[in-house]
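Only one structure is covered here, and it is reproduced in the block below.
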Amino acid sequence: MTQAVKPSSPAAASPAAAQAPVRVWPPVVRWGHWALAASVLTCLLLHEGGSWHERLGYVALALGAMRCALGWFSGVRHLRFAAFVQGPSATWAYARALLARTEPRHLGHNPLGGWMIVALLLAAVLAGASGALYTTDRYWGDDTVFAIHRVAGWSLALLAPLHVGGVILTSILQRENLLRALFSGRKRPAATGDVGLDA
């Protein structure tokens with residue numbers, strides 16, 4: 001379990017504050033993230049189906065599968081699920097620290113954000129896979145496959161704004177523009193008390 005400490009401000013950082021920003025997410029993950037978000041959003045807007053819904057569904061499935069593979073096999077610490085998916089006790093401890101405003105800054109995803117990533121990827125892969133199955137002769141018209149596709153798709157519609165809200169909230173609380181970090185791949189230098197200093 002990560003010990004909760006008061007997050008340090010950029011000015012409170014020691015010599016690390018003078019260092020260059022920390023590289024966290026490589027280009028393949030950053031652009032994969034935005035491409036996945038765009039394809040999922042477009043599929044939701046075209047939820048009644050059609051050729052573009054189907055094509056972008058395959059794109060979302062491929063991107064979701066790629067991110068899952070990186071989560072299991074990547075050599076980059078902050079991309080691995082093991083680095084940011086915590087157990088219930090650690091996640092609950094972080095949530096309590098967040099409410100008390102004593103949460104530590106994470107260089108990668110914090111525990112709550114980590115579980116959101118898992119939920120989003122699971123929903124995207126389920127929606128894409130069930131949609132692909134539904135186009136085959138064997139599963140065309142299958143009520144179970146269609147139900148999985150609908151539940152996964154509308155789960156994404158619910159999770160996506162929660163994810164955006166979490167990013168905005170964390171940006172405000174940690175005084176760090178996470179949206180910009182998702183484009184640049186860099187976050188401000190690590191300071192004492194930050195989690196992920198061994199990256």
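The values are calculated or read from the model by the stated rules, or taken from the named source; none is laboratory data. Since this is a predicted model, take the numbers as computed values, not measurements. Reconstructed Cβ throughout: ideal geometry from the backbone, glycine too, with neighbour counts over all protein chains shown.
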- prompt: Between a first residue in segment 35-64 that is under 20 Å from Pro161 (Cβ atoms) and a second residue that is surrounded by fewer than 21 Cβ atoms within 10 Å (Cβ to Cβ) and of a type in the set (Phe, Trp, Tyr), which pairs have beta carbons less than 7 Å apart while being 6 or more apart in sequence or on different chains?
  reply: Leu46/Trp52
- prompt: Does segment 108-126 contain at least one residue that is at pLDDT below 95, outside any helix (DSSP H, G or I), within 14 Å of the chain's Cα centre (by Cα) and of a type in the set (S, T, N, Q)?
  reply: yes
query: How many residues are modelled with pLDDT of 95 or more and either among the hydroxyl-bearing types (Ser, Thr, Tyr) or over 21 Å from Val118 (Cα atoms) (or both) if we restrict to segment 148-170?
result: 1
- prompt: With respect to the numbered conditions (1) touching an Asp or Glu at 6+ places or on another chain (Cβ under 7 Å); (2) surrounded by fewer than 16 Cβ atoms within 10 Å (Cβ to Cβ), which one is the sole condition not fulfilled by Thr102?
  reply: (1)
- prompt: Which of the residues that make up segment 73-127 are among the hydroxyl-bearing types (Ser, Thr, Tyr) and within 22 Å of Arg23 (Cβ to Cβ)?
  reply: Ser74
- prompt: Conditions: (1) surrounded by fewer than 17 Cβ atoms within 10 Å (Cβ to Cβ); (2) under 17 Å from Gly64 (Cα atoms); (3) under 17 Å from the mean Cα position of the chain (by Cα). Trp154 meets all but one. Number of the miss?
  reply: (3)
message: On the basis of being touching a helix residue (DSSP H, G or I) at 6+ places or on another chain (Cβ under 8 Å), closer than 21 Å to Leu182 by Cβ, surrounded by fewer than 17 Cβ atoms within 10 Å (Cβ to Cβ) and at pLDDT 85 or above, does Pro26 make the cut?
response: yes
field: Leu36 being hydrophobic (A, V, I, L, M, F, W, C), in contact with a helix residue (DSSP H, G or I) (Cβ under 8 Å, 6 or more places away or on another chain) and at negative phi
entry: yes
query: Does any residue of segment 120-143 turn out to be in contact (Cβ under 8 Å) with a residue 24 or more places away in the chain and closer than 24 Å to Arg188 by Cα?
result: no
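Let's see how each residue does on (1) in a helix (DSSP H, G or I); (2) closer than 26 Å to Leu126 by Cα; (3) at pLDDT 90 or above:
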site	(1), (2), (3)
Gly71	yes, yes, yes
His78	yes, yes, no
Ala90	yes, no, yes
Ala97	yes, no, yes
Glu103	no, no, yes
field: Count - residues of segment 36-52 that are assigned to a loop (DSSP other than H, G, I, E, B) and surrounded by fewer than 15 Cβ atoms within 10 Å (Cβ to Cβ)
entry: 4
